[in-house]
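See structure below.
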Ligand SMILES: [Zn+2]
């Protein structure tokens with residue numbers, strides 16, 4: 001954050017004058033230690049804005065040193081409900097390339113993105129996936145299920161779309177982008193193979209994945225799980241009491257012992273389900289927290305696409321009676337999961 005332009009930052013300056021002096025000094029000290037500010041980044045980097053953290057991760061993996069990536073939606077942010085802020089708009093209108101998911105995931109950004117696409121490079125990276133590989137959903141007659149990152153094999157198509165968008169924006173770095181994309185796609189394919197092996201250890205009769213919202217259908221299709229989202233495919237619809245009662249019956253009938261909470265969705269409905277089952281004498285526990293529509297905290301293993309999925313695979317496998325290595329697919333990278 002630059003403080004060098006008092007005319008444009010007068011409101012910020014007023015805020016700091018009111019704020020505690022010690023805090024202001026501490027923040028200034030931290031800012032002053034940063035080696036490079038955005039103003040000094042130089043023209044060498046391609047400035048990319050990505051909506052979700054998963055797309056930002058793909059852009060960093062493929063772009064490497066050539067890019068500077070800013071993500072709009074950090075840990076715990078729900079993309080179905082997210083609205084652009086004034087800062088986001090400024091970043092997107094200045095960026096060399098804007099990457100968004102599409103498939104109606106960022107429902108509140110649709111209109112803005114279509115307008116921006118008339119004057120900037122804007123690419124909806126999931127919309128290039130072959131339509132016959134996309135799932136439809138009962139709740140949305142003319143839409144596809146956007147949660148394609150839940151199947152690593154599908155995600156490799158998105159990584160390829162990110163690669164192509166970066167090449168179009170900076171053709172002279174084609175070789176770098178192609179090499180980085182090939183490396184990352186191989187890593188994601190290794191994740192897909194690991195997930196298949198590990199999830200196969202879950203007994204067939206317990207392969208029910210009950211989660212807060214309907215984000216896991218691609219996961220279910222890839223690995224043979226029946227997926228039940230308490231809320232519909234978007235987090236905007238409220239799960240009705242009838243839906244809860246219906247799901248309680250299903251948990252009791254199928255003897256499902258664990259349901260999952262999600263990092264970017266309220267756990268209220270999941271708890272209602274557990275209480276409903278308890279009232280009918282059936283014990284259901286929380287199988288753990290899954291990352292559905294956003295990755296984990298920056299700087300952690302779960303704050304990467306591979307780490308996020310690896311965490312989900314481990315959590316689901318353990319909760320539903322399978323066996324997984326305690327630290328997942330790549331224990332030397334796993335920090336305290
Ligand atoms: Zn979702």
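The values are calculated or read from the model by the stated rules, or taken from the named source; none is laboratory data. Given the structure is predicted, the values throughout are model-derived calculations rather than measurements. Glycine gets a Cβ as well: all are built from the backbone with ideal geometry, and neighbour counts include every protein chain shown.
Key figures
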quantity	calculated
Residues that are more than 15 Å from the ligand (Cβ to nearest atom) and modelled with pLDDT of 90 or more, drawn from segment 223-246	223, 224, 225, 226
Within segment 144-160, considering residues that are buried (at least 22 other Cβ atoms within 10 Å of the Cβ) and more than 16 Å from the ligand (Cβ to nearest atom), the one farthest from residue 294 (Cα to Cα)	159
Lone unmet requirement of (1) crowded, with 19+ Cβ neighbours inside 10 Å; (2) assigned to a strand (DSSP E or B) for residue 248	(2)
Yes/no for residue 173 being closer than 25 Å to residue 92 by Cβ and either touching a helix residue (DSSP H, G or I) at 6+ places or on another chain (Cβ under 7 Å) or surrounded by 21 or more Cβ atoms within 10 Å (Cβ to Cβ) (or both)	yes
Top-ranked residue in segment 71-81 [being in a loop (DSSP other than H, G, I, E, B) and crowded, with 21+ Cβ neighbours inside 10 Å; ranked as farthest from the ligand (Cβ to nearest atom)]	72
Residue within segment 107-129 that is within 17 Å of residue 216 (Cβ to Cβ) and either touching a strand residue (DSSP E or B) at 6+ places or on another chain (Cβ under 9 Å) or assigned by TED's automatic domain parsing to the domain that holds residue 219 (or both) present	yes
Test: residue in segment 268-281 that is modelled with pLDDT of 95 or more, within 30 Å of residue 72 (Cβ to Cβ) and more than 16 Å from the ligand (Cβ to nearest atom)	no
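Matching residues to (1) in contact with a helix residue (DSSP H, G or I) (Cβ under 6 Å, 6 or more places away or on another chain); (2) within 24 Å of residue 244 (Cα to Cα):
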| site | (1), (2) |
| --- | --- |
| 281 | no, yes |
| 284 | yes, yes |
| 290 | yes, yes |
| 298 | no, no |
| 302 | yes, no |
| 311 | yes, no |
| 314 | yes, no |
| 318 | no, no |
| 330 | no, no |
